[in-house]
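In what follows, a single structure is set out as structure tokens and then discussed.
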Amino acid sequence: WFYLDDPNGRDLVAHWKERRGMLGLRFYFNDRHKREWMTDGSLDWLWPAAERAGVPVALAAALFLPTVGDIAARHPGLKLIVDHMAVPPGSRGDSAYRFQPELLALAKHPNVAVKATGQPGYAEDPYPFRSFHEHLHRCFDAFGPERMFWGTDITRMPCSWRQCVTVFTDELPWLKGRDLDLVMGEALCNWVGWRLPG
């Protein structure tokens, strides 16, 4: 863990993967005091440093998706992950997906992936949360199974851990077989370089 405004950040990124268990970075840019960082040049050092070090970067940056696209284009060797399918914090229902067109436009960059984290928390209907299934399907169609990753954000979910899993494994008729295996974990492991035993 380190702060992006830490003057030692460059050195930390360069050696990040030497730390036990560290495979990537994740930053949250939806806080008011961090919003400017995506566009004011404060992070211009981060993207090339992470690209050189081979460190993937996950971003909660729903408000800056065109900027994420610019970063992806300038740094094609940098793997980026857009968190929460670009749903802004506190959003619910269909309006939670108001940035989906901008998110889907990022699929043209082969170095951008998306985490479908916390989707039950954005639904206004009960399990199996059919209200977000079509949003998931559009995202899957754009990014494919190797660049769309399941996740829970379990402490904020209106359902059990098991339901967070089964809404993907049992309730999405279009997500089956090898595609399901990839979305449920294999693709993320591949993306960040997490070599599993066996």
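Laboratory data are not the source of any read-out in this text; all were calculated from the coordinates shown. Computed from a predicted model, the values in this text were never measured in an experiment. So basically every Cβ, Gly included, is an ideal-geometry build from the backbone, and we count neighbours across all protein chains shown.
Tabulated data for the structure shown
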quantity	calculated
Highest-first arrangement of 109-115, 179-185, 5-11, where packing means the average Cβ count within 10 Å	109-115, 179-185, 5-11
3J(HN,Hα) from dihedral phi, region 107-119, Karplus parametrisation 6.51/-1.76/1.60, rounded to Hz, x for glycine, proline	4, 5, 8, x, 9, 10, 10, 9, 9, 8, 7, x, 4
At 1.306 mPa s and 10 °C, Stokes D of region 43-105 from Kirkwood alpha-carbon radius, µm² per second	129
